[in-house]
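Down below is the structure, laid out as structure tokens.
The values are calculated or read from the model by the stated rules, or taken from the named source; none is laboratory data. The structure displayed is predicted, hence computed values, not measured ones. Note that each Cβ is placed from the backbone with ideal geometry, even for glycine, and that neighbours are counted across all protein chains shown. These accessible areas exclude ligands, DNA and RNA; they are computed on the full protein's heavy atoms, side chains included. Shrake-Rupley method; radii C 1.70, N 1.55, O 1.52, S 1.80 Å.
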Amino acid sequence: MRTWHCSSNHAEAASHMPQLEGLTTKNIQLCTGGLWREKGKKKKTLKIGRDRSLNFDPCCISYFTKGEYILLGGSDKQVSLFTKDGVRLGTVGEQNSWVWTCKVKPDSNYVVVGCQDGTISFYQLIFSTVHGLYKDRYAYRDSMTDVIVQHLITEQKVRIKCKELVKKIAIYKNRLAIQLPEKILIYELYSDDSSDMHYRVKEKIVKKFECNLLVVCADHIILCQEKRLQCLSFSGVKEREWQMESLIRYIKVIGGPPGREGLLVGLKNGQILKIFVDNLFAIVLLKQATAVRCLDMSASRNKLAVVDENDTCLVYDIHTKELLFQEPNANSVAWNTQCEDMLCFSGGGYLNIKASTFPVHQQKLQGFVVGYNGSKIFCLHVFSMSAVEVPQSAPMYQYLDRKMFKEAYQIACLGVTDTDWRELAMEALEGLEFETAKKAFTRVQDLRYLELINSIEERKKRGETNNDLFLADVFSYQGKFHEAAKLYKRSGHENLALDMYTDLRMFEYAKDFLGSGDPKETKMLITKQADWARNINEPKAAVEMYISAGEHVKAIEISGDHGWVDMLIDIARKLDKAEREPLLMCAHYFKKLDNPGYAAETYLKIGDLKSLVQLHVETQRWDEAFALGEKHPEFKDDIYVPYAQWLAENDRFEEAQKAFHKAGRQEEAVRVLEQLTHNAVVESRFNDAAYYYWMLSMQCLNIAQDPAQKDVMLSKFHHFQHLAELYHGYHAIHRYTEEPFSFHLPETLFNISRFLLHSLTKDTPLGISKVKTLFTLAKQSKALGAYKLARHAYNKLQGLRIPTRFQKSIELGSLTIRSKPFHDSEELVPLCYRCSTNNPLLNNLGNVCINCRQPFVFSASSYEVLHLVEFYLEEGITDEEAVSLIDLEAPRHKRENKWQEITSNNSQTLRLDETMDSMGDDDPFTAKLSFEQGGSEFVPVVVSRSVLRAMSRRDVLIKRWPPPLQWQYFRSLLPDASITMCPSCFQMFHSEDYELLVLQHTCCPYCRRRIDDPSP
């Protein structure tokens, strides 16, 4: 036993009801919800929706169209259609007795009804389309009780639930009217935004109306009842009524001011009327023989399109009532709202687009055309409305074929492809319709053609009126060069054709437009042809053409860039020397291509000696530069300064000094040498440092000739001389302490370390180590028997920071020296050759005699005290006079001559005769060596003319310092011991030592003057 509970009341269904047997649990749930039992089992279903009251006892129920609707029959003797929510939509069929069963044929709209009296009825349910359209808004009925408003452009949709059967729908601008069984609802948009889709109820007319069509305006609704039209306000008050002669077949709102809108009405008898809602009288627009099925008015209301019952589309001129044209196979028609002369109509499965009176353009389309806005066509197919994007290319080209550019532009604005826009732009440009062409090129963003149009418009403003010339420019831009050339020639501007062909490198055509042998034009053509050959990578041909055209600069550029030296020198030799610019370019490329000979030839041709000097300097061709400098002294600075810098960079500093000197750049020479000297000291190249300091001193002495800098430079000179001597001696000490083998004799190292110790009484120069000096002195003193001095050196070392590698040796030496006697060997004690005083090895006064204060003169190699005494000239005696007096060598008396001179073929010997008296007895210089004993001041030896005259030239050494220094004179007190003085640095050596060192180094060991250098 199964029990079914209905939502209206509880009624038990007999077990013989066959339709209930087929219901599934789901169907029952979807229908009403309830409870059923079977064989002790209990299953509960889910209730959907709320209860609905029925006015009869239901006896049968069935789903219709997949559950969207419900068929219900019973004691009311009829079958009713409900929504799935229980809203009654209407009666399917009335019977004479109770309806016991109703069934739906699957997947169809057929219904079979069985009654109590045995009657079986068969029905087909057809749902009519209820919808409304205004421009891009389309409203239609959905599920019989809802209204969906669709924006055809943005594809937005909004659903309005009415919960009752929707009978009619009307839409207009911001108004929406929905007719329900017992009332009419009027909605309005929330805002005036064209894309707003929010509706709200504005008014309700609670009345039951029967009508065939419903139309809504801004303030009224229009009801169509067969032949009658009624105008009602939103409050439901009837304001006007129009009675027609025939049945109303079509009605449409065509717009107007609020409250004064116009209606377009089509009748069955072929009459077409225009009615204003505020006017009682209808206006007859025209009358045709056939019934009206569909109609529409153009945007400007000048034309009327009608579809009659014969499926013919007829277009009339409203003002003249003239039939403009007609087209067959039409079931609906619509004018384009944005273009006056375009309409579309559908029929026979095709969409037909017609522009003006041109032939129809067809494309396949299913459905009915209900609107045409720009390039979008609104089509209703079955129950769905869609917006179809239709390119307007065909009508646009129809206008273009007839040179109707403005109309074609209007069509293109509705929607065409970029290719179509470009075609329109080109056609308008060729038709000299510049305004349309400019708009079209703006659409495709073609700046090149826009610039052309702007230039043509500017020329027209200046008064140019030659259309052939304008069209020729257009053709040239389009690539139609021959047509452009013909127009240029026809308009008398052959030069423009020549320019065009030359720019295009079409030189064969360009020759046809040359003037009558004008050399300028011929040269111009050849030049452009050469430019073209250059651009297509044919440089040799371009060079030949440039030369023939006289464009030597361009020919030189190409030849130089490709390294064609032979071609460059040919051009340079053919050019006149007055053509400086191309010749200078040739010289530049010769230098760049490493051909200084050709560059020099070119500079000589144009007489550019300064550039020639720079060339020699850059290529380091110093001999040629010096030869040119001899002839033209004004270029001395340009030659010797770079030469000096080059020499300095190549470590040829002596030559660099001379070059700086010749260039007059003394300060720069000093600055460079100071930096080099510092680097040598830092790198422990003390021999080089001594040499650089000597050079610096000589440079300062040279600068001191300037009275303004004399004092400063002389001070620097003496300082640098002193440093040079220190570093020269310290070089041996450094090598002795750093290298495993010694290159000097112990006596030499002993003398050097003593010399440095006595010289370093004040500040110690950079790089000189007192530790190394004392260490060397201690070791050599101990080895030579100067134990007292060695002990002093070790004691001094105790107060200094000693490197680790010396510590063990020094500590051992300090201990062992204590076992030695506390005195020095007498053989090592230096002798003063002026006063014959033995000086201590450790002299607190420095390198001077402790008795006479006479400065010692040291050998620059062994650092022994030389037997030389410096003497000075009496006041009034010049250096030249002194030398002449010394050179006189006044003859002595025979009895007084203690020297014997022996002359042979190959030698000249001076021998002292031991049997005679010593020369000191009669030598006036010896008498001058005396001084006042006990004085602490140094008393120099000053000689007179008579003493000078008595001196032998062989016994006198002269340091011939350049001004502003005075010469220095030295007298040898032991003539047998030969002493040699370097004529460049004035350093003294034992002759044997000097000769040996010169043979080893081929130069002076101090100033590095080469033995083959004749200059002092």
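Worth a mention:
- Cα principal axis extents for segment 381-480, largest first, Å: 63, 26, 25
- Here the 3J(HN,Hα) profile of segment 113-121, calculated from phi with Karplus coefficients 6.51, -1.76 and 1.60 at θ = phi - 60°, is 10, x, 10, 5, 7, x, 7, 10, 10 Hz, Gly and Pro shown as x.
- Here r is the Cβ-Cβ distance between ASP146 and VAL382 and R0 is 22 Å; the resulting FRET efficiency, rounded to 0.05, is 0.75.
- In plain terms, the bigger the Kirkwood radius, the slower the diffusion; for segment 795-872, with that radius from Cα pairs, at 4 °C and 1.567 mPa s, Stokes-Einstein puts D at 85 µm²/s.
- Positive end of the dipole of segment 113-245 (Cβ unit charges, origin at the Cα centre): among ILE169, TYR199, ILE148, the Cα lying farthest that way belongs to TYR199.
- ASP196/ARG50 FRET efficiency (R0 35 Å; Cβ-Cβ; nearest 0.05): 0.60
- For segment 62-76 and segment 730-785, distance of Cα centres in Å: 132 Å
- Each part gets one Cα centre, and for segment 425-448 versus segment 349-414 those centres are 23 Å apart.
- Solvent exposure ordering (accessible area, 1.4 Å, most first) of GLU309, GLU992: GLU992, GLU309
- Using heavy atoms of the protein chains and a probe of 1.4 Å, the accessible area assigned to CYS339 is about 10 Å².
- Report note on the peptides 100-108, 387-395: ranked by the mean count of other C-beta atoms within 10 Å, highest first, their order is 387-395, 100-108.
- Label-to-label distance, LYS84 versus GLU389, with points set 7 angstrom from Cα along the beta-carbon direction: 3.5 nm.
- Debye-formula intensities of segment 833-893, expressed as log10 I(q)/I(0) at q = 0.25 Å⁻¹, are -1.02 (one equal scatterer per alpha-carbon, no solvent).
- Using 0.36 nm per residue and subtracting the Cα-Cα separation, the extra length available between LYS238 and THR926 on full extension is 231.4 nm.
- Taken over the Cα atoms of segment 686-740, the convex hull encloses 45 Å³ per residue.
- Value of Rg to Rh for segment 89-245, rounded to two decimals, is 1.08; Kirkwood radius and Rg both from alpha-carbon coordinates.
- Its alpha carbons give segment 288-407 an Rg and a Dmax of 13.7, 43 Å.
- Along principal axes, Cα extents of segment 701-860, largest first, whole Å: 60, 40, 29
- ILE877/PHE938 FRET efficiency (R0 22 Å; Cβ-Cβ; nearest 0.05): 0.60
- Gain upon complete extension [ASP976, VAL712; 0.36 nm per residue less C-alpha separation]: 90.9 nm
- Binned Cα-Cα distance frequencies in segment 967-1016 - 10 Å width, integer %: 24, 53, 23, 0
- In loop segments of segment 222-291 as defined by DSSP, the chymotrypsin sites (Phe, Trp or Tyr not before Pro) with at most 13 further C-beta atoms inside 10 Å of their C-beta are PHE281.
- Extension gain from ARG960 to VAL444, taking 0.36 nm per residue of separation minus the Cα-Cα distance: 176.2 nm
- Taking all protein chains as shown and a probe of 1.4 angstrom, ILE126 keeps an accessible surface of around 130 Å².
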